[in-house]
1. Long-range amide H contacts for residue 33: which residues qualify at under 5 Å (H placed 1.01 Å from N, peptide plane, sequence gap of 5 or more or a different chain)?
2. Taking R0 as 22 Å, what FRET efficiency do you get between residue 191 and residue 85 from their Cβ-Cβ distance, rounded to the nearest 0.05?
3. For region 40-53, just list the computed ³J(HN,Hα) in residue order, Karplus coefficients 6.51, -1.76 and 1.60, θ = phi - 60°, integers in Hz, with x standing in for Gly and Pro.
4. Would you order 138, 74, 43 from fewest to most other beta-carbon atoms within 10 Å of each residue's own beta-carbon?
5. In nm, to one decimal, how far is the modelled label at residue 71 from the one at residue 36, with both set 7 Å along Cα→Cβ?
6. Could you please rank 140, 32, placing first whichever residue has the fewest other Cβ atoms within 10 Å of its Cβ?
7. Stretch residue 199-residue 175 to full length: gain in nm at 0.36 nm per residue minus the Cα-Cα span?
8. Using label points projected 7 Å from each Cα along Cα→Cβ, tell me how many nm separate residue 141 and residue 2, to one decimal.
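Please treat every number below as a calculation from the coordinates, not as lab data. Note that the coordinates shown come from a computational prediction; the quantities given were computed from them, not determined experimentally. Note: ideal-geometry Cβ built from the backbone for every residue, glycine included; neighbour counts use all protein chains shown.
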Amino acid sequence: MTLSTICLYFAACFAVTIIPGPTMLLALANGTSRNWRITVMGILGAALSDLLLIGGVAVGLGALLSASEALFSIVKWVGVLYLAWLAVQLWFHQPSELTSNIHNPSSTASKAFFRSLLVALSNPKGLLFFSAFLPQFINTAEPQALQYVILAVLTAVQDIIVMACYATGGAQAARFLTIRGLRKLNRACASALLSLAVFLALYRRSNA
């Protein structure tokens with residue numbers, strides 16, 4: 001794998017990552033807590049999902065998911081229900097709870113980690129995307145395991161950077177917006193998550 005291939009992958013992946021998705025919206029919402037433990041743990045959960053998904057592609061899980069309509073449907077509907085549940089939770093979240101979160105950081109930090117992790121892992125499009133995207137940058141004439149490790153680490157690092165930017169935006173919003181404004185921001189994120197759940201429910205593979 002050459003440096004030019006790595007740079008090309010990084011640029012192509014960044015163009016996809018910068019588009020708001022479920023984990024980015026969660027990073028934004030976590031940022032409004034102004035609690036660095038919640039924010040960091042949420043980001044780490046999403047980054048771990050990158051490593052697991054790309055590891056799954058490396059061992060052939062992406063091909064298995066693509067070949068099995070039943071497995072694809074199960075994973076898809078788990079993802080739909082989980083996104084919808086998160087949207088409802090965020091919609092009714094009260095910004096007045098931010099102060100208690102700051103003074104009790106451990107109460108939701110682990111929840112933020114697993115929430116981001118499960119959101120990414122329960123979306124079959126992520127595994128299918130990496131299955132179609134990553135092989136284009138793999139040199140089959142060289143050992144492939146190390147190449148997958150490199151791309152996985154690059155993806156995780158890039159996600160961490162982008163999510164940190166989203167979280168910073170959320171923290172700044174929490175600093176300047178009123179309680180009413182924060183409630184509207186929460187509900188905007190909730191609406192976006194629910195929309196993503198609907199799009200996922202309607203998603204059909206080209207060979208389905």
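1. It is none; the list stays empty.
2. Computed FRET efficiency for residue 191 and residue 85: 0.90.
3. Karplus values, whole Hz, x for Gly and Pro: 5, 5, x, 5, 5, x, 5, 5, 4, 4, 4, 5, 5, 5.
4. Numbers: 138 17, 74 13, 43 27.
Listing 138, 74, 43 from fewest to most nearby Cβ atoms yields 74, 138, 43.
5. Taking the two extended label points, one gets 4.2 nm.
6. Details: 140 8, 32 26.
Ascending Cβ contact count within 10 Å gives the list 140, 32.
7. On the way: separation 24, 0.36 × 24 = 8.64 nm, distance 3.24 nm.
Result for the pair: 5.4 nm of gain on full extension.
8. 1.1 nm
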